[in-house]
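The values are calculated or read from the model by the stated rules, or taken from the named source; none is laboratory data. The model shown is predicted, which means the values in this text are computed figures rather than measured ones. Note that each Cβ is placed from the backbone with ideal geometry, even for glycine, and that neighbours are counted across all protein chains shown.
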Amino acid sequence: MMQDKNTPRHIAIVMDGNRRWARQRRLPAIAGHRAGVETIRRTLRHARERGVRYLTLYSFSTENWRREPAEVQGLMRLLEETILRETDTLVRDRVRLRVIGRLGDLSEGLRRAIDGAVKATAAGSDTMTIAFNYGGRAEIVDAVRAVVRDGVAADDVSEEAIAARLYAPDIPDPDLLIRTGGELRVSNFLLWQVAYAEMWATPVLWPDFAVADLDAAIASYAGRERRFGR
C-alpha cells in the first residue's frame with residue numbers, strides 16, 4: 001500500500017503489559033511474553049498494510065536484568081526461538097530485521113541467531129527493529145564514546161556527529177511513539193530519536209493490542225500538526 005502524508009513512516013512502540021496480562025490470568029510471566037509475540041506478528045502485518053515502513057519495538061531494557069532470573073532466562077530463550085522460527089517468514093515477506101542494544105552482553109547462541117537473521121533478511125524492503133538489552137541513555141553514551149574513539153575534535157562535535165554513531169543511524173527517527181499498558185512515560189526508549197515524535201498511549205495491555213488500537217493511534221497522528229519546534 002502506498003504511504004500518504006497522514007501515515008507515519010516510522011512507528012516505535014513501548015510494548016508494556018505482558019506481565020500484568022499474565023498475572024490477571026494467574027499464569028507465569030513468560031506466558032504474557034509469549035502472547036506478546038503473537039501481537040508483534042499481527043501489528044507488523046497491519047502496520048505494513050497501512051504503509052508504515054519502519055517499526056521499532058522495545059523488547060528488553062538494560063534495566064530488565066533486575067527482574068527474576070527465571071523470567072530473564074525465559075525472555076532470552078523466547079527471543080532466540082522466535083528469531084529462529086520467524087526468519088524464513090521475514091525473508092518471504094521482505095521484512096528486514098534489525099536488533100539494537102548492547103548485544104555483546106548476550107549469550108553466544110543468541111548473538112549467533114540474531115546475526116544469522118539480520119544477514120538473511122538484509123534485502124527486505126521494510127524494517128522491523130527489536131530493541132533488546134537497550135537503553136536510550138546507554139545508546140547516547142556509546143555514541144559519545146565512538147565520537148571520542150574516532151578522534152573528533154571538541155569543536156567538531158555536533159548533533160550530526162552523534163546521530164551518525166547511534167545504533168541504527170540509517171533508520172529515520174520515529175514519527176509516532178505508542179505506549180501500551182496505561183503508563184505515561186518514555187522509559188529510556190530512543191531518547192535521542194523521539195525528540196519530535198508524536199505520542200499516543202493506551203491502557204490496553206500489549207497482548208491485547210488489536211488492529212483497531214493501531215488504527216486509532218494512526219488516526220490520532222493523522223489529525224495532528226507537526227511543528228518540529230517551529
Exercise for the section: Could you grab the pairs with beta carbons closer than 6 Å, sequence gap of 6+ or different chains, first residue in the range 200-228 and closer than 16 Å to Val14 by Cα, second one surrounded by fewer than 14 Cβ atoms within 10 Å (Cβ to Cβ)? Expected result: Ala201/Leu184; Pro203/Gly182
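For (1) exposed (fewer than 15 other Cβ atoms within 10 Å of the Cβ); (2) assigned to a loop (DSSP other than H, G, I, E, B); (3) out of contact with any Pro (no Cβ under 7 Å at 6 or more places or on another chain); (4) at pLDDT 95 or above, each residue gets a yes or a no:
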site: Arg48; (1), (2), (3), (4): no, no, yes, yes
site: Thr56; (1), (2), (3), (4): no, no, no, yes
site: Leu84; (1), (2), (3), (4): yes, no, yes, yes
site: Gly104; (1), (2), (3), (4): yes, no, yes, yes
site: Arg112; (1), (2), (3), (4): yes, no, yes, yes
site: Ala131; (1), (2), (3), (4): no, no, yes, yes
site: Arg145; (1), (2), (3), (4): yes, no, yes, yes
Practice task
Out of the residues in the range 16-43 that are surrounded by fewer than 22 Cβ atoms within 10 Å (Cβ to Cβ) and not in a helix (DSSP H, G or I), state the one that is nearest to the chain's Cα centre (by Cα).
Solution key: Pro28
Exercise for the section: List every residue pair whose Cβ atoms lie under 7 Å apart, where the two residues are 6 or more positions apart in sequence or sit on different chains, the first residue falls within the range 169-190 and is over 10 Å from Thr56 (Cβ atoms), and the second residue, located anywhere, is in a loop (DSSP other than H, G, I, E, B) and of a type in the set (Val, Ile, Thr). Expected result: Thr180/Thr202; Thr180/Val204; Val186/Val194
Handout entry: Out of Glu139, Glu80, Glu68, sole residue that is over 24 Å from Thr43 (Cα atoms), of a type in the set (Asp, Glu) and either at pLDDT 95 or above or surrounded by 15 or more Cβ atoms within 10 Å (Cβ to Cβ) (or both)
Key = Glu139
Problem - Count - residues of the range 195-212 that are closer than 13 Å to Leu177 by Cα and either in contact with a strand residue (DSSP E or B) (Cβ under 7 Å, 6 or more places away or on another chain) or buried (at least 18 other Cβ atoms within 10 Å of the Cβ) (or both) - result: 6
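A quick yes/no check of all residues on (1) over 19 Å from Ala197 (Cα atoms); (2) touching a residue at least 12 places away in the same chain (Cβ under 8 Å); (3) among the aliphatic types (A, V, I, L, M):
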{"residue": "Asn6", "(1), (2), (3)": "no, yes, no"}
{"residue": "Met15", "(1), (2), (3)": "no, yes, yes"}
{"residue": "Asn18", "(1), (2), (3)": "yes, yes, no"}
{"residue": "Ala22", "(1), (2), (3)": "yes, yes, yes"}
{"residue": "Ile30", "(1), (2), (3)": "yes, yes, yes"}
{"residue": "Ala35", "(1), (2), (3)": "yes, yes, yes"}
{"residue": "Glu38", "(1), (2), (3)": "yes, yes, no"}
{"residue": "His46", "(1), (2), (3)": "yes, yes, no"}
{"residue": "Glu49", "(1), (2), (3)": "yes, yes, no"}
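Does at least one position in the range 53-66 carry a residue that is out of contact with any Asp or Glu (no Cβ under 9 Å at 6 or more places or on another chain) and without any contact (Cβ under 8 Å) to a residue 60 or more places away in the chain?
Quick first cut of the range 53-66, residues out of contact with any Asp or Glu (no Cβ under 9 Å at 6 or more places or on another chain) only: 56-57, 59-61, 63, 66.
Narrowing the set further to residues that are without any contact (Cβ under 8 Å) to a residue 60 or more places away in the chain leaves 66.
Within the range 53-66, one or more residues are out of contact with any Asp or Glu (no Cβ under 9 Å at 6 or more places or on another chain) and without any contact (Cβ under 8 Å) to a residue 60 or more places away in the chain.
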